[in-house]
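Enquirer: Let me begin by handing over the structure; questions about it come next.
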Amino acid sequence: KKKKKKKKKKRERYRKKRQQKNLKMGFRRYVQIGRAVHINYGPEAGKLAVILDIIDNNRVLVEGPTTGVERQQMPLKRVVLTSFVVPIQRGFRSGNLKKAIEDFGLDKKFAESKWGKGLAQRELRAGL
């Protein structure tokens, strides 16, 4: 009987630990207005842009005035969501968006992130 109780207690402790780990884990990068995205395919590949509007489940309206990305609709398969959210409203105009991005320091923050450093390292190696 003692062995069964020990096993049961051990199982309960294990379940509690699993539940705590599951609570900590969670998806944090949502498709939302102001979310910075990295374009991974097409003529604009490798540039940063910001989501201005959500068209449907598969497409978003993006623009990146500081990186040369014109306002255009883009499928979500062609972009990767970053962890940065610029505080803007839906459908910001280009001038206001550029000012908001510069005030937020998006380019600098992305360059300092692990992802940005990795991209810079890759470009450096390609140039050698």
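Enquirer: Taking the alpha-carbon distance from LYS7 and a cut-off under 27 Å, which lysines remain once sequence neighbours fewer than 8 residues away in the same chain are dropped?
Expert: LYS16, LYS17, LYS21, LYS24
Enquirer: Here's something else I'd like to know. Too long at a 18 Å Cα-Cα cut-off: which of LYS47/LYS108; LYS77/LYS117; LYS47/LYS117; LYS47/LYS109?
Expert: From LYS47/LYS108; LYS77/LYS117; LYS47/LYS117; LYS47/LYS109, over 18 Å: LYS77/LYS117.
Enquirer: Run lengths n ≥ 4 of DSSP H only: what is the helix-derived mean residue ellipticity at 222 nm for the chain, with -39500 (n - 2.57) per run over all residues, to the nearest 500?
Expert: Counting only the DSSP helices, I get -14000 deg cm²/dmol.
Enquirer: Under 5 Å between amide hydrogens, which residues at least 5 positions from VAL79 or on another chain qualify, with H placed 1.01 Å from N in the peptide plane?
Expert: Amide H neighbours of VAL79: ASN40.
Enquirer: Tilt of helix 2-24 relative to the longest C-alpha principal axis of the chain, in degrees (0 to 90, nearest 10)?
Expert: Once rounded, one gets 10 degrees.
Enquirer: Efficiency by 1/(1 + (r/R0)^6): what FRET value for ILE54 and LYS3, r their Cβ-Cβ distance, R0 = 35 Å, to the nearest 0.05?
Expert: 0.05
Enquirer: Taking the dipole about the Cα centre of the chain, with the C-beta of Lys and Arg at +1 and of Asp and Glu at -1, give me whichever of LEU76, VAL62, GLY105 is farthest to the positive side.
Expert: Among LEU76, VAL62, GLY105, the one farthest towards the positive end of the dipole of the chain is LEU76.
Enquirer: Between helix 94-104 and the chain, what is the angle of the helix's C-alpha long axis to the longest principal axis, kept within 0 to 90° and rounded to the nearest 10?
Expert: For helix 94-104, the angle is close to 50 degrees.
Enquirer: So, by mean Cβ neighbours within 10 angstrom, what's the order for 86-96, 7-17, 72-82 with the highest one leading?
Expert: Order by mean packing, descending: 72-82, 86-96, 7-17.
Enquirer: Of all GluC sites (Glu not before Pro) in the stretch 48-128, which ones are in loop regions per DSSP and have a Cβ with at most 13 other Cβ atoms within 10 Å?
Expert: none
Enquirer: Multiply the residue separation of LYS99 and ALA126 by 0.36 nm, subtract the distance between their alpha-carbon atoms, and state the gained length in nm to one decimal.
Expert: 6.5 nm
Enquirer: Right, something else. Given a Förster distance of 35 Å, report the FRET efficiency between LEU119 and ARG18 from their Cβ-Cβ distance, rounded to the nearest 0.05.
Expert: The calculated FRET efficiency here is 0.50.
Enquirer: Given [x] 1.13; [y] 1.53; [z] 3.31 as candidate values of Cα Rg over 2.2 N^0.38 Å, which corresponds to the one derived from the coordinates?
Expert: Checked against the structure: label [y].
Just so you know, all these numbers are worked out from the coordinates, no wet-lab data involved. Values in this document were obtained by computation on a predicted structure and should not be read as measured data. Backbone-built Cβ (ideal geometry, glycine too); neighbour counts: all protein chains shown.
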